[in-house]
Amino acid sequence: MLHSKNYSKLAWVVSAMVGLSLGACTKADEPPGNAAVTSAVSTQKPVEAKLPALIVDGDEGEAIAFPLHPTRRLADPDTNIAGMSFFELKIAARSPGAPPHTHSHEDEFFYVREGNVTFLSGAETKTIGPGGLALLPRHGLHGFWNAGDADAILLVGTSEGKFGDFFDAVAIAAREENAKTPQDVGAILGRISAERGINIDMSKIPPDVASLYGL
C-alpha cells in the first residue's frame, strides 16, 4: 500500500496531466434601459429570508472522504446569504496541500490553526504559523504545502462560486469509479478541477519543494 503522502504527491502530478484549462467566464452586458426606470428599480431591494445561525463545535462538522488529506465541512453555501463555504483541512508533515492553481469563480482564505504552512502567491512564498491568514483572490496563482516536521490544520473559506461541493465531488467520483491508485485519483482531480474553473499549473512549483509533489 502506498504511503498517504506519496499517494497525494503522485495524484497531484497526474491531475496536472488532465485537461485543466477553462476559459474565464464572461458576463454578458445588460441592454441599456430607461435610466430613470433602472434607477427606480435598483433602489427596491427584495427582503432577504433570514437563515438560522450556525454554531459548530470543534468535534462537530461533517467528515468528507477526500482521498488526499483529511477534510471536514464546517459550513456550506446554503447556510448563509453570502454563499460562503468553510472547511477544515489537515496537512501531514512534509506533504503537499495543493499545487499552484487559479480559481475563476471564487476567492479563498486560509487561517492556520496548528503547524506551519507555506503559501505561494504568484512567484512569492511565505510561511505562516498559528494565527496566520492568507487571503487569495480569484485569478491569482496560488498553492500551499507543509514542509515542516509537524502536521498542520487549516481553516479554509471560499466565497460564493463553484467550490462548495469540490471535495464532495472528488470523494464521490473516487468511490463510484473505484479509484485505487494515485493515477486514478489524479485523473479525477484534474477533471473536476477543470469543470469548476480551477486551473492547475505544476510548472510553477518551486524547485526546492518539487519532491513534495512527486516531481
Exercise for the section: Might you let me know whether the stretch 125-137 holds any residue that is at negative phi, buried (at least 17 other Cβ atoms within 10 Å of the Cβ) and not in a strand (DSSP E or B)? Expected result: no
Exercise for the section: Determine if the stretch 118-127 includes at least one residue that is more than 25 Å from residue 58 (Cβ to Cβ) and basic (Lys, Arg). Expected result: yes
Exercise for the section: Look through the stretch 81-124, keep the residues that are charged (D, E, K, R) and touching a residue at least 24 places away in the same chain (Cβ under 8 Å), and return whichever of them is surrounded by the fewest Cβ atoms within 10 Å (Cβ to Cβ). Expected result: 114
Exercise for the section: State whether one or more residues within the stretch 155-173 are at pLDDT below 95, over 18 Å from the mean Cα position of the chain (by Cα) and either β-branched (Val, Ile, Thr) or buried (at least 18 other Cβ atoms within 10 Å of the Cβ) (or both). Expected result: no
Exercise for the section: Pairs only if they're at least six apart or on different chains, beta carbon under 8 angstrom, first in the stretch 153-165 and over 12 Å from residue 76 (Cα atoms), second at pLDDT below 90 and not hydrophobic (A, V, I, L, M, F, W, C); list them, first residue then second. Expected result: none
Fill in the blank from the handout: Of the residues in the stretch 24-41, those that are surrounded by fewer than 10 Cβ atoms within 10 Å (Cβ to Cβ), within 23 Å of residue 159 (Cβ to Cβ) and either at pLDDT 50 or above or within 19 Å of the chain's Cα centre (by Cα) (or both) number 1
Handout entry: Failed condition for residue 68, given (1) surrounded by fewer than 19 Cβ atoms within 10 Å (Cβ to Cβ); (2) in a loop (DSSP other than H, G, I, E, B)
Key = (1)
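Would you say residue 63 is over 17 Å from residue 189 (Cβ atoms), surrounded by 15 or more Cβ atoms within 10 Å (Cβ to Cβ) and at pLDDT 95 or above? Before the answer, list the steps.
Details: over 17 Å from residue 189 (Cβ atoms): yes; surrounded by 15 or more Cβ atoms within 10 Å (Cβ to Cβ): no; at pLDDT 95 or above: yes.
Spelling it out, it is not the case that residue 63 is over 17 Å from residue 189 (Cβ atoms), surrounded by 15 or more Cβ atoms within 10 Å (Cβ to Cβ) and at pLDDT 95 or above.
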Exercise for the section: Output the residues belonging to the stretch 138-154 that are under 19 Å from residue 71 (Cα atoms) and surrounded by fewer than 14 Cβ atoms within 10 Å (Cβ to Cβ). Expected result: 150
Completion exercise
Filtering the stretch 145-188 for residues that are hydrophobic (A, V, I, L, M, F, W, C), in contact with a Phe, Trp or Tyr (Cβ under 6 Å, 6 or more places away or on another chain) and more than 19 Å from residue 105 (Cβ to Cβ) leaves a count of 3
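The values are calculated or read from the model by the stated rules, or taken from the named source; none is laboratory data. Every value quoted in this text rests on a predicted model; they were computed, and no experiment measured them. Here the Cβ is made from the backbone with ideal geometry for all residues, glycine too, and neighbour counts use every protein chain on show.
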